[in-house]
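Below is one structure, written out as structure tokens, with a few remarks after it.
The values are calculated or read from the model by the stated rules, or taken from the named source; none is laboratory data. Because the structure is a prediction, the values reported are computed rather than measured. We place every Cβ from the backbone using ideal geometry, glycine too, and count neighbours over all the protein chains shown. In case anyone asks, the SASA skips ligands and DNA or RNA and just uses the protein heavy atoms, side chains included. Shrake-Rupley method; radii C 1.70, N 1.55, O 1.52, S 1.80 Å.
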Amino acid sequence: MHRLKRDTWVVLCILAVFALGVWAYWPGLTAPFQFDSEALVLRNPEIQDLSRPGDIWRLNAKRFLSQLTLALDFSVHGSDVVGFHATNLLIHALTSVLLGFFVWYLCKKRQIPNSQWVGVIAGALFWIHPVQTQAVTYIWQRSVGLATLFFVAALFCHACFRFSGRRLCLIGAWSCAFLAMFCKEISFTLPFVLLAMDVLLFDQSWRTAWRYWIAYGCLVPIIPVLFLMDWDAHLVSLHMEQGVSLYTPLTYWLTQLSQLPSWLRLGAFPTGQHLDYDVTPIAGLLDPAWFLGGVIAVAWMGLIAWFWRRQPLISFLGLLVCGGLAVEMGTYLLPDLFFEHRLYLPMAGATALVALLASKTPQKWMPVFAVIVCAFAWLTHQRNLVWQSRVDLWAESFRFAPQKPRVMANYATALFESGDSKRAEELLRSACALEPAHPDYASKLGLVLLGLGENFEALYWFDKSLALDGNQAHVFNHRAGLFIQMKQWSRALADVKRAIDLNPNLPSAWQNQGVVQSMLQMTDAAIASFQVAIKLDPKAHEPHTNLGAVYYRQGKRDLAKRHFEASIAIEPEQAKILETLAVMYSDEQKPELALDHLNRAIALEPKRASAYLNRGIVLTKVKRFKDAILDLDHYLSLHASGAGFLHRGLAYYYLGDLGSATRDLSYAIQDGQRVPQEVRNALHLP
């Protein structure tokens with residue numbers, strides 16, 4: 001009975017923590033593509049074409065599996081961000097559950113008291129901790145989530161093998177370890193962590209152990225080989241991000257040591273979080289900035305050694321933390337010195353350690369645990385709210401790192417998208433001044449200037465960006481858009497064709513090509529281009545609008561109406577298209593539908609003169625003459641023309657006000673308007 005009650009409480013706690021986690025991450029499900037996610041998913045033809053896995057492999061073999069899952073997401077969800085976030089959250093949930101079961105299993109087999117609660121606490125803290133937000137909500141970090149999932153799965157399977165002797169568990173451990181190698185480079189330490197677990201937690205029988213250790217040893221060269229295959233690209237990324245000289249291994253390692261206090265603070269007190277940290281590299285051994293981190297590292301290793309024989313499980317979990325940090329801290333030089341997602345794997349060991357320390361008296365610590373979980377859930381929820389807005393996310397980073405060019409450029413892009421073009425221009429000019437050889441900053445400045453109407457200066461920055469990197473499909477497409485505005489059709493067509501050659505899956509390039517072809521009277525080619533744009537991005541309204549316009553000019557009204565309606569269904573706030581559809585409905589003797597669309601158009605643009613004219617015409621058709629006259633009065637106040645006098649005169653005529661009708665229709669005749677002959681005769685008009 002007592003055990004049943006305890007199990008019930010465990011289940012209730014798990015469900016409550018799970019619900020809190022879902023609530024905490026819920027705002028992040030609609031967060032837009034951020035940072036690398038936009039460039040490497042939305043503008044990446046390899047990710048967008050699942051039929052060519054070889055291209056995904058060549059994109060980055062070290063992360064082939066994580067990129068393959070992104071391609072699967074794109075094939076199912078297209079550019080809908082919710083599907084990508086849902087997959088990331090599912091991976092995080094599975095990892096949290098697996099970690100909880102792994103810790104519970106180890107504690108149970110080693111006869112540590114309250115093993116169930118230790119597993120619950122470990123999994124719950126991992127699931128709900130705010131520092132995990134970046135790895136979960138930042139779509140491109142799918143790689144760290146998958147790597148950690150397979151990392152923990154391999155450890156769990158190996159523990160099951162050592163306790164039970166089942167070969168199936170050994171096959172599962174090796175398979176998970178193999179898959180982890182193709183998720184992210186942090187998995188390189190997995191065979192060594194497995195060895196540490198074997199040495200610390202199990203009695204050795206080397207006569208049998210050597211067989212599976214040879215199997216694990218075969219995994220060690222995978223990541224170094226893949227890394228060497230991609231060495232040139234890695235050097236280019238280092239140089240582009242730093243803009244100066246490359247780090248030496250020593251200065252990189254010392255800089256990472258200097259960040260250990262920050263890592264510890266984020267784990268214990270996760271406040272002051274932001275996306276892109278500005279870290280000053282350590283100059284050398286005599287730079288005192290790394291001393292505190294060095295002391296922390298020595299103390300940590302000393303504690304691992306102290307507990308080696310006394311509490312080997314504590315030593316193992318301490319080594320798991322080290323294994324999670326080791327690759328990105330010291331063995332693998334990265335252009336970015338500090339990102340929160342690098343704590344994701346180490347947190348598996350850290351949360352398990354915290355849970356283990358509370359194992360003897362969990363009842364005493366449960367109120368504290370409950371408060372911590374609720375506080376972490378609230379902080380995680382707040383982090384995900386920030387991730388919902390590009391402006392908020394980058395404003396936060398800019399507050400902490402106001403002199404970092406990448407932060408400036410991304411904050412500027414967010415401001416531009418929100419309508420603050422002038423502030424965006426200022427920030428991008430500063431970023432380009434700090435890193436003049438960065439093609440992305442130049443292209444972003446060109447795009448902002450294009451939005452401001454500074455066409456010639458925009459052209460200068462697009463040219464500069466392409467001179468720095470001539471393989472940017474989106475920049476060729478932006479420059480084609482500029483040439484379209486300048487009505488330089490041949491140059492626009494050349495640029496948009498180049499963009500499509502570089503990225504055949506860029507829908508806006510096909511859209512721009514259709515616009516140019518339409519202007520050059522290449523009607524069939526324009527139709528084909530718009531159809532490709534619609535296929536690539538069914539949620540874009542512009543290709544439907546433009547394709548409808550082409551069919552309208554051809555007199556294919558049914559096809560035109562179908563695409564105009566599709567455009568409005570995607571983007572309802574298009575006054576011009578609403579008005580065009582209203583005219584078509586009026587011609588089809590559907591006045592109520594026509595009036596509904598005209599009402600919506602006028603609500604969107606209260607000064608749209610032609611909408612009042614067309615509504616007045618429809619109201620006259622349905623014999624609402626007084627309402628028609630009011631609309632036509634409004635039209636003539638905005639745009640005095642013969643058409644307005646003609647239709648107001650007719651409304652007056654049908655209403656019976658012949659004097660007003662004669663006056664208006666006389667003006668209409670003087671303007672060349674054609675008055676119906678029966679009305680002319682009735683009013684004795686010339």
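Of everything listed in (1) open to solvent by 10 Å² or more (accessible area, probe 1.4 Å); (2) under 21 Å from residue 383 (Cα atoms), the single unmet condition for residue 189 is (2). Within region 392-411, residues that are on the phi < 0 side of the Ramachandran plot sit with their Cβ atoms under 7 Å from residues that are open to solvent by 20 Å² or more (accessible area, probe 1.4 Å) and among the β-branched types (Val, Ile, Thr), at 6+ positions apart or across chains, in these pairs: 392/386; 393/386; 396/386. Consider residue 188 carefully, then state whether it is of a type in the set (Phe, Trp, Tyr) and within 30 Å of the chain's Cα centre (by Cα). Answer is yes for this residue. From the list 533, 494, the lone residue that is at pLDDT 95 or above, of a type in the set (A, V, I, L, M), closer than 30 Å to residue 424 by Cα and assigned to a helix (DSSP H, G or I) is 494. Select, from 415, 385, the only residue that is buried (at least 23 other Cβ atoms within 10 Å of the Cβ) and in a helix (DSSP H, G or I). Unique residue meeting the criteria: 415.
Residue count for region 503-523, restricted to those that are in a loop (DSSP other than H, G, I, E, B), open to solvent by less than 30 Å² (accessible area, probe 1.4 Å) and either at pLDDT 95 or above or of a type in the set (A, V, I, L, M) (or both): 1. In the set 429, 399, only one residue is more than 17 Å from the chain's Cα centre (by Cα), at pLDDT 95 or above and open to solvent by 30 Å² or more (accessible area, probe 1.4 Å); that residue is 429.
Say we look at region 273-324 and pick out the residues that are β-branched (Val, Ile, Thr) and assigned to a helix (DSSP H, G or I); which of these is nearest to the chain's Cα centre (by Cα)? Of everything passing the filter in region 273-324, 321 is nearest to the chain's Cα centre (by Cα).
Taking region 158-175 as the region of interest, how many residues are within 19 Å of residue 321 (Cα to Cα) and surrounded by 23 or more Cβ atoms within 10 Å (Cβ to Cβ)? Don't jump to the end; show me each part of the working.
Within region 158-175, the subset within 19 Å of residue 321 (Cα to Cα) is 158-159.
Filter once more, keeping what is surrounded by 23 or more Cβ atoms within 10 Å (Cβ to Cβ): 158.
Total satisfying the criteria: 1.
In the set (1) part of a helix (DSSP H, G or I); (2) within 30 Å of residue 314 (Cα to Cα); (3) open to solvent by 20 Å² or more (accessible area, probe 1.4 Å), the condition left unmet by residue 113 is number (1). Under the condition of being surrounded by fewer than 18 Cβ atoms within 10 Å (Cβ to Cβ), outside any loop (DSSP other than H, G, I, E, B) and free of Cβ contacts under 8 Å to residues at least 24 places away in the same chain, which residue from region 554-565 is nearest to the chain's Cα centre (by Cα)? That would be 565.
Restricting region 18-52 to residues that are at pLDDT 85 or above and farther than 22 Å from residue 144 by Cβ, the residue that is surrounded by the most Cβ atoms within 10 Å (Cβ to Cβ) is 20.
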